[in-house]
Every structure is written in structure tokens, then in C-alpha cells.
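Worksheet: the structure to be examined is printed underneath.
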Amino acid sequence: MDVLKSTVADLRGRKASKEREETIATLLRTYFLLKDAAEEGAALVEDARPNPVEVIQRLEPALAEERLANWNRSLRRQTARLMGVSSMVYSQEFMDVVSPDLRERLYDVLGSKVDRATSLHGIGAALFFRGIVIDSPEEQARYVSIMAGEEGDLLHMDKIQREVDALQEALESYRQAVTTLATPDEIIRLTRDARAKTTFPAA
């Protein structure tokens, strides 16, 4: 919690209540987008393990089509989450209210926008262009591996699980820190609004 003291002091010192609430709302939306991305991403990888391309190739055409449809719906939600949260995490406005220590911790987990092709921003950008051209079933399946940050088709489950665990641990610390930035009533109200704005339809 020490790494967030500068953030807490900054927000509590702001005179404009609207500005403070907007900042907290952004932090909460970031939390929910990352939380949902981690949870649905883990479920998708589990369904496609150990190699999504081979999983599709082994299925009968009708079953492969159904499985790909489910994966593609999940990938659309993941694209929206990753593009949305990357604009928050990597934006100057976001960093203005987050301590350098927390920024570095987030970058350790999510990847630097500048330094890594497999960063949160890079993966979101790659998924964004999915579907612009007509992909074969194998090419569609390969996007599951791209989402997981893999360079090839094979899903390295131990590595992925470590990354998910690290993200979830960081998110819990993040959530606890955000709850100290406002009163309980404010947090309940802002959380309800943030949750509604970061929930994507299942279809």
C-alpha cells in the first residue's frame, strides 16, 4: 500500500469532487476490464489447450464451427476490454494520478506499450484487426494463442497460469487501494456504474 500513498494524497487533496470521482471511476473501470479479461482469457485458453489450431482440426466441421463461434464471441469481448484498458493504463491522464511505483508494477504484469510486441496494447491491436479479412478456421483458432501472448500456436499453460496469477494478485492490491480513495458510499455508487459500463453482452 505504500506505493500508492502519493495517489491517495493527490486524490484526497483535490478540491473538485467531480474531478476526483471521474478519476476513481476510471480506476474502477480499469480494474473490471482487467479482471474480466483475466478470467475469460483463462477460461478460453483452458478450452483451447494445448493447441487451438489442432483442437479445431480434430473436430468434425459442424463441431469446429460451433467451437470457433464461441471462441470468436469471447475474442470480441477480449478485444474490447484490452483496447479499452490499454488506453487507460498507458494514457498520460491515467499516469498523472498513479504513482511511478504502481505504474512500474502494472507494466511488469501487462507489458510496456513501447518495449514489448506482446504487451497489453500490442495484443489488443492484433485482435482488433481480426475478422477484417476472411480467415480459415485454423487462422481463426490461432487468435486464441495471440490473445495469450504466444508467438506460436502452442499454449504454454504453466507460463500462462503464472501470468494470470500475477495479474490477479496485482488486481487485488489495486482493488484494495482504490477503495481507500473514497467513502464507502461513493465506492458502492461508483463501482455499480463502472461495472455496468464494463459488462459486455455474451452474444
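Values in this text are rule-based calculations from the coordinates and carry no lab data. Here the structure is a predicted model, which is why all the values come from computation and not from measurement. Here Cβ is always computed from backbone atoms with ideal geometry, including for glycine, and neighbour counts include all displayed protein chains.
Given 0.36 nm per residue, what is the gain on full extension from E39 to I188 after removing their alpha carbon distance, in nm?
Extra length from E39 to I188 when fully extended: 51.4 nm.
Can you pull the one-decimal nm distance between simple spin-label points at D135 and E169, each 7 Å off the Cα toward Cβ?
3.2
Report the gain in length on full extension from Q57 to Q161: 0.36 nm times residue separation, minus Cα-Cα distance, nm rounded to one decimal.
Net length gain for the segment: 35.0 nm.
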